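Here's the structure, in structure tokens; my notes come after.
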Amino acid sequence: MAGDAPQQERDLKLYLDRAYMGGGTFGVDGAAHFYFNKSARDVNLSESAMLAGLFKAPTKYAPTSTCRPRVPAPTWCWITSSTPAS
């Protein structure tokens, strides 16, 4: 309905301002300042994509989280397939 649009915009703004974004920050602007030292208005496309990904799992996808490096599957397959048969 036409009357719902302003309410939906308010709800979205409220969510974007209060959602946990990792690193102890709340809201998109707070996360932009924490991760990129700039306002949410000034982030580029790749930075905004990273911020958008934080909504799903902020602790898991935060760029400050430590991840164990993985060996790519093709490299692993090549190593095992190149082992001589006994």
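Here is how the numbers come out for the structure above:
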quantity: Sorted by Cβ neighbour density within 10 Å, fewest at the top, the residues Thr64, Thr59; calculated: Thr64, Thr59
quantity: In the stretch 1-63, the trypsin sites (Lys or Arg not before Pro) that fall in loop regions by DSSP, at most 11 other Cβ within 10 Å; calculated: Lys56
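FYI, it's all coordinate maths here, none of it is from the lab. Computed from a predicted structure; not experimentally measured. Here Cβ is always computed from backbone atoms with ideal geometry, including for glycine, and neighbour counts include all displayed protein chains.
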